[in-house]
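Here the structure comes first, spelled out in structure tokens, and everything after it is commentary.
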Amino acid sequence: SDDHFIRYAARIAIESQPVSEWKERALGETNPEAALTALLALARCGSRDTQNELLQALDRLPVDSLTEEQKLTGLRVLEVSFARQGRPEPEVAHSVMETLDQFYPASSQPLNRELSQLLIYLNAPDVITKTLALLDKAPTQEEQIYYIFYLRNVKSGWTLEQRKQYFDWFVRSRSGGTNGAAVVQHYPPELLQWFKDVDRDYSDGVSYTKYLVNIRKDALATLTSDERTAL
């Protein structure tokens, strides 16, 4: 179905049946919309030993012809599989990483948000460089925080200049941009309109600063003693 809600209801119905009754059909489905929905069900309900077959079936889908919504569903299948079925075997993880790295950065913020999470999880060698570049270009506070948040737990692969670039964001987030740096406090127009619709000025919320403090604290915990001294 073209209707997301109908597909969702159908997936829940399928998931209530024994996996053995629909696993092979899910793995062999060729219609992209049906395949993505069925593979999401298998990622949610299938055991660890189904993961390799699931990833192979996902890899057979024609990525170039998928819509953005379908690509996001495919990334969601990977995320659920890794969360529920565990980290793939090293060779499989490397293969998935190489495939995803070809599409990162993508042409849209939603895709970059999911790709950055997955590539950081898979330890892609250039994910820090690519994600920091997206951070510099991100026009809104919300998008910038995605990348700041995802990078906070990366322990290795940083250069000292990249570390400086990362922590400098927290300075700019308070000062509103210095030395020509992009101002952080930009918001999506629709977000400001939501506040205007209820006759309120925009506010980040009382916990916003505390969240930034905790994100920075997590990032500081990944520094080596030499990095901490240098910074």
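Do we find a residue being assigned to a helix (DSSP H, G or I), at pLDDT below 95 and touching a Phe, Trp or Tyr at 6+ places or on another chain (Cβ under 8 Å) anywhere in region 53-63? Scanning region 53-63, I find at least one residue that is assigned to a helix (DSSP H, G or I), at pLDDT below 95 and touching a Phe, Trp or Tyr at 6+ places or on another chain (Cβ under 8 Å), so the answer is yes.
Could you list, in sequence order, all residues of region 138-153 that are assigned to a loop (DSSP other than H, G, I, E, B) and either modelled with pLDDT under 95 or crowded, with 20+ Cβ neighbours inside 10 Å (or both)? Give the steps one after another, and end with the answer.
Just the residues of region 138-153 that are assigned to a loop (DSSP other than H, G, I, E, B), to begin with: 138-140, 152-153.
Within region 138-153, 138, 139, 140, 153 meet the criteria.
Select from region 76-133 the residues that are among the polar types (S, T, N, Q), assigned to a loop (DSSP other than H, G, I, E, B) and closer than 24 Å to residue 165 by Cα and list them in ascending order. Matches in region 76-133: 107, 108, 123. Here are 26, 41: which of them is within 21 Å of residue 71 (Cβ to Cβ), small (Gly, Ala, Ser) and under 23 Å from the mean Cα position of the chain (by Cα)? Residue meeting the stated conditions: 41.
Conditions tested, residue by residue: (1) aromatic (Phe, Trp, Tyr); (2) buried (at least 17 other Cβ atoms within 10 Å of the Cβ); (3) out of contact with any helix residue (DSSP H, G or I) (no Cβ under 6 Å at 6 or more places or on another chain).
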{"residue": "90", "(1), (2), (3)": "no, no, yes"}
{"residue": "101", "(1), (2), (3)": "no, yes, yes"}
{"residue": "105", "(1), (2), (3)": "no, no, no"}
{"residue": "136", "(1), (2), (3)": "no, no, yes"}
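With respect to residue 74, is the statement that it is closer than 18 Å to residue 4 by Cβ and out of contact with any Phe, Trp or Tyr (no Cβ under 9 Å at 6 or more places or on another chain) true? Yes, satisfied. Within region 22-64, being over 12 Å from residue 78 (Cβ atoms), open to solvent by 60 Å² or more (accessible area, probe 1.4 Å) and in contact (Cβ under 8 Å) with a residue 40 or more places away in the chain holds for one residue alone: 44.
Pairs linking a residue in region 207-231 that is within 14 Å of residue 169 (Cα to Cα) and among the β-branched types (Val, Ile, Thr) to a residue that is in a loop (DSSP other than H, G, I, E, B) and modelled with pLDDT of 95 or more, with Cβ atoms under 6 Å and 6 or more positions apart or on different chains, are 215/152. Only one of the numbered conditions (1) among the hydrophobic types (A, V, I, L, M, F, W, C); (2) more than 30 Å from residue 81 (Cα to Cα); (3) without any contact (Cβ under 8 Å) to a residue 40 or more places away in the chain; (4) open to solvent by 70 Å² or more (accessible area, probe 1.4 Å) is not met by residue 169, and that is (4).
For every residue, the table says whether it meets (1) charged (D, E, K, R); (2) loosely packed, with under 12 Cβ neighbours inside 10 Å; (3) in a helix (DSSP H, G or I); (4) at pLDDT 95 or above.
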{"residue": "183", "(1), (2), (3), (4)": "no, no, no, no"}
{"residue": "187", "(1), (2), (3), (4)": "no, no, no, no"}
{"residue": "191", "(1), (2), (3), (4)": "no, no, yes, no"}
{"residue": "215", "(1), (2), (3), (4)": "no, no, yes, yes"}
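The values are calculated or read from the model by the stated rules, or taken from the named source; none is laboratory data. Just so it is clear, the model here is predicted, and its values are computed rather than measured. As a convention, Cβ positions derive from the backbone with ideal geometry for all residues, glycine included, and neighbour counts pool all protein chains shown. The accessibility values were calculated without ligands, DNA or RNA, using every heavy atom of the protein model including side chains. Shrake-Rupley method; radii C 1.70, N 1.55, O 1.52, S 1.80 Å.
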